[in-house]
1. Keeping to segment 129-155, report how many residues are within 23 Å of D168 (Cβ to Cβ) and touching a residue at least 60 places away in the same chain (Cβ under 8 Å).
2. Within segment 22-40, track down each residue that is free of Cβ contacts under 8 Å to residues at least 12 places away in the same chain and assigned to a helix (DSSP H, G or I).
3. Return yes or no: is D82 crowded, with 16+ Cβ neighbours inside 10 Å, modelled with pLDDT under 95 and of a type in the set (D, E)?
4. Kindly provide the set of residues from segment 197-220 that are among the hydrophobic types (A, V, I, L, M, F, W, C) and surrounded by fewer than 16 Cβ atoms within 10 Å (Cβ to Cβ), ordered by number.
Amino acid sequence: MRSLTALFGQSPFGPLQQHMEKAAACAEEVPALVDALIAGDMATLESQRTKISALESEADAIKNDLRNHLPRRLFMPVARRDLLEILDLQDTIADVAEDIADLFVERKWTVPEAMQEPLVAFTRRAVDATVAAREVMRNLDELVEVGFSGPESEQVLARITAVNQLEDESDELELELTRTLFRHEDEMSAVAVILWMRIFEWIGDLADYPKKVCNRLRLLIAN
């Protein structure tokens, strides 16, 4: 039997997967950005921002092309609305990575010593969630072929559970880091404390939005 893709034209799932690859690539550059911030290495900060910005632009190009060419009606076991929702969630990952890079470069930062190790650990765990979600999305075309059922779906559900666990761990590390910030807030300006809280939120988004992507996929499997 010919696949639905063969019958009705180019599948939108390949571009959706490509978009996730670019979004995850943006997130993967953030730990090096944090390392450079702690080291006070402005050259590397600028270089990382340029790299992330280029990757984010590539993700935007894929996103726009997919939106412009996605048929109003899909002969697929996935609604057009669901695909666009997953696309927007993925796109937020790339956008947040770029936001972090921009703010790190545009402001002069001092990272208290007590915050350095927790900040690195938090960032790496958040990015771990993005990378794990990318692995989930790499199975999307296979899931479509089997109608979101069978052993393939069970394997993906297990990986989605792992992404959720990573996001939970990221939340715990964020809470610990926030407590450390508050213990040292008297050493900082009020503006610095507010901006650090914003940075923590954005880094947390690198785990939160991959979780949202995976949980949206979980609903498709459940239906």
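The values are calculated or read from the model by the stated rules, or taken from the named source; none is laboratory data. What you are looking at is a predicted structure, and each value in this text was computed from that prediction instead of being measured. Neighbour counts are summed over all protein chains in view; Cβ atoms, including those assigned to glycine, are modelled from backbone coordinates with ideal geometry.
1. Start the filter on segment 129-155 by keeping residues that are within 23 Å of D168 (Cβ to Cβ), which leaves 129-139, 153-155.
Next, from what is left, pick out any that are touching a residue at least 60 places away in the same chain (Cβ under 8 Å): 129-134, 136-138, 153.
Summing the residues that are within 23 Å of D168 (Cβ to Cβ) and touching a residue at least 60 places away in the same chain (Cβ under 8 Å) in segment 129-155 gives 10.
2. Across segment 22-40, the qualifying residue is only A39.
3. Details: crowded, with 16+ Cβ neighbours inside 10 Å: yes; modelled with pLDDT under 95: yes; of a type in the set (D, E): yes.
Judged against the criteria, D82 is a match.
4. Keep residues of segment 197-220 that are among the hydrophobic types (A, V, I, L, M, F, W, C), which gives 197, 199-200, 202-203, 206-207, 213-214, 217, 219-220.
Listed by number, the residues that qualify are M197, L219.
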